[in-house]
1. Kindly state, to the nearest 0.05, the FRET efficiency for ILE108 paired with GLU310, given R0 = 41 Å and r defined as their beta-carbon distance.
2. If I ignore ligands, DNA and RNA and count only protein heavy atoms, how much of LEU128 is accessible to a 1.4 Å probe, in Å² to the nearest 10?
3. Pull up the DSSP beta bridges for the chain and report the antiparallel fraction as a percent, rounded to 5.
4. What whole-number value in cubic angstrom gives the convex hull volume per residue for the C-alpha atoms of the chain?
5. Of the chymotrypsin sites (Phe, Trp or Tyr not before Pro) in segment 137-182, which ones lie in a loop per DSSP and count no more than 12 other C-beta atoms within 10 Å?
6. Using a 1.4 Å probe on the protein heavy atoms, what percent of the accessible area of the chain belongs to carbon and sulfur?
7. How much length is gained on full extension from ASN168 to THR445, taking 0.36 nm per residue of separation minus their Cα-Cα distance?
8. Among GLY385, VAL343, TYR425, whose Cα lies farthest out toward the positive end of the dipole of segment 317-452, if unit charges sit on the beta carbon of Lys, Arg (+1) and Asp, Glu (-1)?
Amino acid sequence: MNIGAATRFDGDYFDVVIIGGGINGVGLFRELALQQLKVLLIEREDICAGASAAPSRLIHGGIKYLETGEFRLVAQSTLERNLLLRNAPHVVHPLATVLPIHSWFGGIGPSLKRFLGREGKMTDRGVLVIELGLQIYDFLGRRARVMPRHKMFLRRKTRRQWPAMAKNVVATGQYYDAAISQPERLGYECVMDGLSASLDCAALTYTAPEGFKDGTLSFRDRETGATQHVKAGVVVNAGGAWIDRVNETLGLETRYIGGTKGSHLILKHTKLLRALCGKMVYFGTPDGRICLAYPFFDHVLVGSTDIRIENPDEAVCTDEEQEYMLKMLGDLFPSFAFSAKDVIYRYSGVRPLPASNAKNPGAISRDHIIHTDRVGETPVLSLVGGKWTTFRGLGEEVADRILNILKRKRLASTHNRAIGGGRHYPSRQETAPYLARLAAHYELTPERSKDLLRRYGTLAKEIAAFCAEEEDSALKSLPSYTRRELQFIAENELVRHLSDILFRRTTIAVCGKLTPDVVKEAGDAVASSLKWSREETAQECAAAWREGVERHHLQGEWKPDFSLSVS
């Protein structure tokens with residue numbers, strides 16, 4: 001199902017209208033659709049195109065929240081992490097995490113202060129503090145446990161395992177969290193699940209609210225200019241860092257958001273990648289911040305910064321932030337050289353944190369808050385905070401509140417419900433036979449079968465079948481993708497722009513594989529599917545490459561005069 005610009009709902013009634021297609025919005029959309037409510041989701045750009053496309057790509061319990069005594073948040077986060085490992089195994093994977101430790105007793109005083117709610121800057125976490133924290137972390141993560149408990153390694157074993165690590169590291173602690181390889185795609189799959197669960201639900205991208213009066217919401221398609229009006233029983237503002245702006249459009253004056261910018265880098269660094277051995281290093285810095293680095297699609301993902309920002313539309317990773325992260329990484333691995341030449345991609349997003357006067361942005365709670373206001377008789381719920389790890393739990397909580405408002409009963413639980421391509425996903429023992437059957441049935445090479453399963457989970461069958469219907473060919477500029485594969489995405493996955501495919505439905509861009517040639521060939525491949533003229537295709541290609549350069553610091557010469565096979 002592909003709900004797009006031509007869809008008209010003018011004058012219709014929806015039980016719930018959700019404004020914002022980030023992870024909070026799409027998670028709630030899926031939750032409510034499964035309760036058979038009539039729900040409309042509108043997003044001003046593409047699904048998960050804002051802050052939800054710019055996380056550290058971790059599904060984690062939030063071990064640092066222990067320092068501020070947020071045990072409930074840690075318990076919820078570890079449970080949701082464990083559930084996502086089961087419900088989205090195609091994109092969420094276990095990640096061994098290593099904590100470098102520089103002292104035996106450091107951090108005891110500041111830990112006590114922060115635990116008691118007082119200011120305390122953590123510049124060092126010693127063996128004693130880390131061991132106690134990991135013991136508590138294991139205990140809080142016991143529900144639906146799927147991964148091993150923590151381990152501690154003292155100097156000799158640490159040196160053996162991490163010969164390139166700084167000599168002042170006296171020990172390391174290791175525990176397990178998880179990483180999400182394609183968060184933007186999982187966000188889209190939540191929408192797909194919602195649309196499949198109820199024919200009464202709809203999703204519109206590149207659509208912005210214009211006003212709200214007498215229970216009627218006005219919104220405009222940003223591409224066509226078409227305006228529509230729908231009645232809403234409940235309005236949910238899931239606008240993330242833009243929540244206060246959305247509320248202003250609805251007629252509310254709020255000051256709910258005090259977001260901070262988080263920036264990340266993707267490095268092409270063979271020595272560091274080899275040294276990490278598939279694990280993440282999660283380490284404190286002398287100024288009290290936290291940095292991380294872990295393997296990501298044959299490269300290394302490095303993060304992150306935590307800087308206050310007023311305008312979320314201006315969030316880009318600056319040269320200064322890049323320099324800071326590379327320096328912190330160099331301090332931990334002094335035998336390796338790191339420079340801007342190693343950076344193949346960078347990105348930034350604004351965390352939708354609650355407004356706070358805290359001096360240290362890292363001390364602002366990552367827990368969520370649900371504000372309830374009214375415009376006339378209509379409830380407006382603003383979803384502040386939250387994170388990728390806990391989106392299902394937040395959606396469940398908000399859905400229960402809405403069901404109570406509408407006096408409806410819960411019909412289904414998402415607690416153990418697989419998401420998108422995670423449905424019927426093969427276990428480790430079943431993977432080889434599954435791939436063999438996929439390859440045999442659709443005449444695929446073993447490598448092609450692996451690529452499809454890794455990218456799309458069990459949706460690989462649908463894509464393989466689509467590709468087999470007509471003659472298919474690999475992209476010359478990126479042979480691991482085919483033209484029909486991109487056409488399937490264009491025709492079936494709420495795509496309106498080429499950048500939707502390159503930056504969010506696939507990992508082409510974030511893996512550092514986006515070049516001018518790839519942009520042009522991908523645009524050529526999907527042009528007929530999206531009914532673009534030659535001029536429109538050229539514009540789409542130019543816009544996609546411009547987004548890569550301006551927002552992600554991609555390098556490459558763009559030559560606008562190129563030939564396309566589109567008529």
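1. Between ILE108 and GLU310 the formula returns 0.65.
2. 100 Å²
3. Beta bridges within the chain, antiparallel portion: roughly 75 percent.
4. Cα convex hull per residue, to the nearest whole number: 148 Å³.
5. In loop regions of segment 137-182 (DSSP not H, G, I, E or B), there are no sparsely surrounded chymotrypsin sites (Phe, Trp or Tyr not before Pro).
6. Of the solvent-accessible surface of the chain, carbon and sulfur hold 51 percent.
7. 94.9 nm
8. Sorting the options by dipole projection puts first TYR425.
The values are calculated or read from the model by the stated rules, or taken from the named source; none is laboratory data. Since we're looking at a predicted model, the values are computed, not measured. Heads up, the Cβs are rebuilt from the backbone with ideal geometry, glycines too, and the neighbour counts pull from every protein chain shown. These accessible areas exclude ligands, DNA and RNA; they are computed on the full protein's heavy atoms, side chains included. Shrake-Rupley method; radii C 1.70, N 1.55, O 1.52, S 1.80 Å.
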